[in-house]
Amino acid sequence: MPTDPGRPSVPAATSTHCPYCALQCAQTLTRTDAGVAVAPRDFPTNRGGMCQKGWTSPTLLDVPDRITSPLLRRGGELVEVGWDEALDVVADRLRTIRAESGPDAVAVFGGGGLTNEKAYQLGKFARIALGTANIDYNGRFCMSSAAAAANRSLGMDRGLPFPLEDLRGAQAVLLLGSNLAETMPPSLGHLADVRAGGGLVVVDPRRSPTAALAADGGGLHLQPVPGTDLAVLLGLAHLVLRDRRTDTGYLADRTTGLDAVRDCVGAWWPERVEQVSGVPVRTLERAAALLADASPIAGGRGAYVLTGRGVEQSSQGTDTVTAAINLALLLGLVGRRGSGFGALTGQGNGQGGREHGQKADQLPGYRMVDDPAARAHVAAVWGVDPDDLPGKGLPAVQLLRSLGTPGGPRALLVHGSNLRISAPDADSVTRRLRSLDLLVVCDFVPSETTRLADVVLPVTQWAEEEGTMTSLEGRVLRRRRAVDPPPGVRSELEVLRGLALRLDAPGTWSTEPAEVFAELARASAGGKADYSGISHRRLDTGEALFWPCPATADDQPAHPGTPRLFLDRFPTADGRARLLPVEHRGPAERPGPGRPLHLVTGRVLQHYQSGAQTRRVPELAAASPEAFVELHPVTADRLGLVEGAWVRLRNDRGEVRARARLSTDVRTDTVFVPFHFPGAGRINRITNDAVDPVSQMPEFKNCSVDVVAEPAEPLAATGPAAGRRTR
Ligand SMILES: Nc1nc2c(c(=O)[nH]1)N[C@H]1C(S)=C(S)[C@@H](COP(=O)(O)OP(=O)(O)OC[C@H]3O[C@@H](n4cnc5c(=O)[nH]c(N)nc54)[C@H](O)[C@@H]3O)O[C@H]1N2
Ligand SMILES: Nc1nc2c(c(=O)[nH]1)N[C@H]1C(S)=C(S)[C@@H](COP(=O)(O)OP(=O)(O)OC[C@H]3O[C@@H](n4cnc5c(=O)[nH]c(N)nc54)[C@H](O)[C@@H]3O)O[C@H]1N2
Ligand code: SF4
Ligand SMILES: [Mo]
């Protein structure tokens with residue numbers, strides 16, 4: 001995939017990792033006469049594989065509409081200005097808004113795609129340069145329910161508490177709401193043996209490519225009514241207890257709470273579960289037996305329970321993941337070699353993004369912002385008084401809802417998110433963004449969100465910068481510069497320094513990623529996500545370092561990192577995992593008169609997230625040009641729809657338009673739409689921003705809609721992604 005020849009100040013071949021998802025496939029970028037070429041490298045997560053997005057990633061380096069100058073809105077238009085002018089304007093306006101309305105009137109929205117260094121610096125910038133409590137990020141949309149559940153049950157949240165390769169030895173894997181075949185294709189290599197042995201069980205209301213792999217390999221596909229996974233999990237736990245397949249020794253030694261969970265799942269007879277979820281009793285029994293047979297207590301080769309966004313992006317996501325952990329604990333799987341529970345983190349640095357202080361309630365090192373000891377430690381590293389650190393801010397959905405409202409934030413800085421496509425109930429979010437006095441967006445390409453900005457600051461992207469990313473396994477990786485950035489763009493560390501100095505912020509504001517990492521390491525020391533023993537230098541020697549990796553005394557060997565957590569004890573007060581009773585409530589919105597069908601949303605292979613990057617790659621755009629509505633032929637027939645027909649989906653929040661794609665893979669009561677696309681097919685216009693009460697994660701995966709054939713008059717599209725429109 002050749003592009004513009006690179007620029008001479010960096011070596012010809014650079015070892016780095018893919019710009020996109022949390023699998024962080026290892027790749028080598030080579031500058032040739034024809035441009036930058038990419039090849040996969042052998043690495044434990046991808047084993048020399050990459051998906052189509054990775055193979056086409058160099059195209060991102062030369063997109064024709066790359067932003068290469070700061071843009072400032074003047075007379076309704078975004079016009080090019082110099083860096084000093086742009087930063088002066090931003091700092092002046094921030095100062096005014098702060099003086100008039102207080103520091104919390106300035107909010108920050110970060111992203112799980114930022115390197116650890118940028119995420120750390122952004123959290124610090126919010127707390128000590130802006131003095132605002134209001135910083136949150138798109139990880140709230142992605143991992144917060146899994147994190148909340150793991151924290152309360154296991155005492156710690158690291159997506160996978162074991163290396164991905166461990167899955168290779170398993171006899172059974174239960175995959176809930178995850179479509180790895182499209183979202184992390186090279187990871188399937190680790191599941192090949194378990195699939196071939198008939199041990200893969202996938203729970204998804206669609207026969208996704210991953211569900212098809214399971215079923216075709218002799219495993220199982222459970223196809224529940226959307227939003228009923230919690231009932232399915234309670235049913236599986238019921239069967240494991242009923243059939244006395246639990247690991248009683250493990251439960252006695254390593255857990256608390258068995259009686260409460262026994263009481264709670266006692267009422268979830270398989271017949272009741274079938275009634276609620278539609279999953280037949282026989283299938284539930286087969287799934288429970290398959291897992292139990294694979295468990296260590298049964299002499300099996302091991303079993304894993306893994307969750308994805310399908311079950312987490314739900315208003316009962318935290319409880320659903322808790323039920324998944326309960327099941328794994330009952331079978332004695334967690335904290336044992338060859339078995340386990342994990343949640344599949346999604347964004348490139350979705351893992352590190354949540355460890356270094358972008359989340360409204362967290363400080364670096366996965367410390368909590370309301371813990372006095374944590375505040376004192378971090379304040380000392382930052383050189384400020386702990387009393388000057390703000391407290392807990394608003395979580396993403398509430399933050400977005402509050403923008404521009406009386407008493408709410410008047411300014412927003414966005415780093416690494418395209419909210420108009422990816423936030424739930426996105427038309428309301430657009431209205432809130434428009435109501436701001438100041439919207440500043442850092443990005444490298446125009447997005448639906450930069451189009452609304454007052455100031456756009458162009459930043460470097462993956463292959464143009466140094467830093468670290470933490471993969472879905474908690475392994476810290478080096479991102480390396482393979483080409484020089486185009487003239488006119490700056491790294492986000494430079495942007496933050498420029499603003500911090502203009503705002504007379506305390507603290508130091510290095511622009512060197514290795515230095516920022518060293519400070520991050522100090523700030524994380526002693527925290528749950530302890531990176532203090534990690535450095536760019538150590539990573540550059542090729543060591544595989546999983547956090548926690550604490551610093552050691554000079555005369556001691558360096559800490560080797562922690563690939564597997566919980567082997568001896570859980571990081572809870574008594575060292576035991578907690579079995580917690582949870583109840584099935586169902587989604588916040590259910591089909592009813594006027595909106596009879598379930599709408600579920602998700603991803604396709606070719607596009608990444610809001611599509612700001614992948615929609616610019618011609619091969620990907622050609623393979624997947626637009627949104628579609630996947631629906632069952634029986635449903636289509638009832639609605640008078642044929643393949644390729646334009647349909648409208650509507651509910652109280654609005655209307656979306658896309659072409660019908662007929663498929664028996666989806667339930668007859670359900671339609672599926674991917675969320676990557678702008679314009680009339682932008683599905684988040686009608687998704688529900690109801691949130692989980694514990695994690696505050698929105699219910700992207702479930703709402704209800706009416707589906708009708710396209711009337712004569714088409715909906716007005718919202719226009720192309722690029723361009724400089726007035727707000
Ligand atoms: N191609 C591609 N890959 C990606 C990304 C991308 O945008 N594109 N993004 C990355 C990121 S940030 C993330 S978070 C991950 C997400 O990775 P996944 O979690 O695998 O992706 P999704 O497609 O969002 O959802 C997975 C499945 O959940 C199912 N689902 C919907 N509702 C329900 C339900 O009620 N119950 C159950 N059991 N399943 C349900 C959907 O049908 C879908 O097949 O992917 C990462 N990788
Ligand atoms: N309906 C529905 N909606 C969903 C989901 C779903 O399953 N269904 N999934 C949700 C999930 S899991 C996620 S993670 C979100 C993600 O959705 P978004 O938060 O929109 O994430 P991206 O599309 O990755 O947006 C990243 C933007 O930041 C830019 N960018 C990339 N790297 C950097 C960087 O280092 N610095 C800066 N300043 N900019 C950068 C990109 O060019 C792009 O414009 O979507 C959520 N929305
Ligand atoms: S699976 Fe993820 S990390 Fe690997 S090539 Fe594809 S997008 Fe990149
Ligand atoms: Mo995500």
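The values are calculated or read from the model by the stated rules, or taken from the named source; none is laboratory data. Predicted model, so just to flag it, every value in this text is computed and none were measured. Every residue, glycine as well, gets a Cβ built from its backbone with ideal geometry; the counts of neighbours run over all protein chains shown. For accessibility, only protein heavy atoms count, side chains too; no ligands or nucleic acids. Shrake-Rupley method; radii C 1.70, N 1.55, O 1.52, S 1.80 Å.
Structural remarks
- Where N is the number of residues in the chain, Cα Rg divided by 2.2 N^0.38 Å: 0.91
- Length released on extending from Glu512 to Ser101, taking residue separation times 0.36 nm less the Cα-Cα span: 144.6 nm
- Over the Cα atoms of the range 597-709, the radius of gyration divided by the Kirkwood radius equals 0.97; this is the Rg/Rh ratio.
- Put simply, when 223-234, 109-120, 438-449, 165-176 are sorted by average Cβ atoms within 10 angstrom per residue, most first, you get 109-120, 223-234, 438-449, 165-176.
- Theoretical gain in end-to-end length, Asp42 to Asp554 [0.36 nm per residue, Cα-Cα removed]: 181.0 nm
- Probe 1.4 Å, all protein chains present, accessible-area order of Met143, Met368, largest first: Met368, Met143
- Anisotropy class of the range 144-344 from Cα gyration tensor, a/c 1.5 cut: rounded
- Label separation (Thr668 vs Glu543): 6.0 nm, computed from points 7 Å beyond Cα along the C-beta direction.
- Residue ranking by accessible heavy-atom surface, 1.4 Å probe, largest first, among Asp92, Asp247 comes out as Asp92, Asp247.
- Dipole of the range 16-96, positive end: most advanced residue of Gly76, Cys21, Ala37 [Cβ charges, Cα centre]: Cys21
- In sequence order, calculated HN-Hα J values of the range 538-544 (Karplus, 6.51, -1.76, 1.60; Hz; x Gly/Pro): 4, 5, 5, 7, x, 5, 8
- Nearest-0.05 FRET efficiency for Asp216 and Thr256, computed from C-beta distance (R0 60 Å): 0.90
- Normalised alpha carbon radius of gyration of the range 13-62 [divisor 2.2 N^0.38 Å]: 1.05
- Interchain or long-range residues, amide H under 5 Å from Leu222's placed H: Val202, Val203, Asp204
- Distance in nm between pseudo-label sites at Arg590 and Glu710 (7 Å out along the Cβ direction from Cα): 3.4 nm
- With the whole protein complex present, Arg95 retains an accessible surface near 90 Å², based on a 1.4 Å probe.
- Ranked packing of 676-682, 340-346, most packed first, by mean Cβ within 10 Å: 340-346, 676-682
- Accessible area of Thr687 in the full protein assembly, 1.4 Å probe (Å², nearest 10): 0 Å²
- Two-decimal Rg to Rh for the range 239-352 - Kirkwood Rh, Cα set: 0.97
- Calculated FRET efficiency, Leu567 to Glu77, Cβ-Cβ distance, R0 = 60 Å: about 0.50 to the nearest 0.05.
- Span-rule helices in the chain, defined as complete DSSP H runs reaching 18 Å or more along the axis (Cα) with Kyte mean at least -1.0: 83-101, 229-242, 281-294, 317-330
- Overall, the range 1-108 carries a charge dipole of about 440 debye about its Cα centre when +1 sits on the Cβ of Lys and Arg and -1 on the Cβ of Asp and Glu, all other atoms neutral.
- Rolling a 1.4 Å probe over the heavy atoms of the protein chains gives the chain an accessible area of 33 Å² per residue.
- Most to least packed among 327-336, 404-413 [average Cβ atoms within 10 Å]: 327-336, 404-413
- Between Ser15 and Arg401, the contour length at 0.36 nm per residue exceeds the Cα-Cα span by 134.8 nm.
- With both residues required to sit in the range 597-709, DSSP beta bridges show an antiparallel share near 60%.
- Distance between the 7 Å Cα→Cβ label points at Glu655 and Ala380: 6.2 nm.
- Tensor-based shape of the range 203-304 (alpha-carbon gyration tensor, a/c under 1.5 rounded, otherwise prolate or oblate): oblate
- Accessible area of Ser315 in the full protein assembly, 1.4 Å probe (Å², nearest 10): 10 Å²
- Of all DSSP bridge pairs formed entirely within the chain, close to 50 percent run antiparallel.
- Accessible-area composition of the chain, carbon plus sulfur, in percent [1.4 Å probe]: 51 percent
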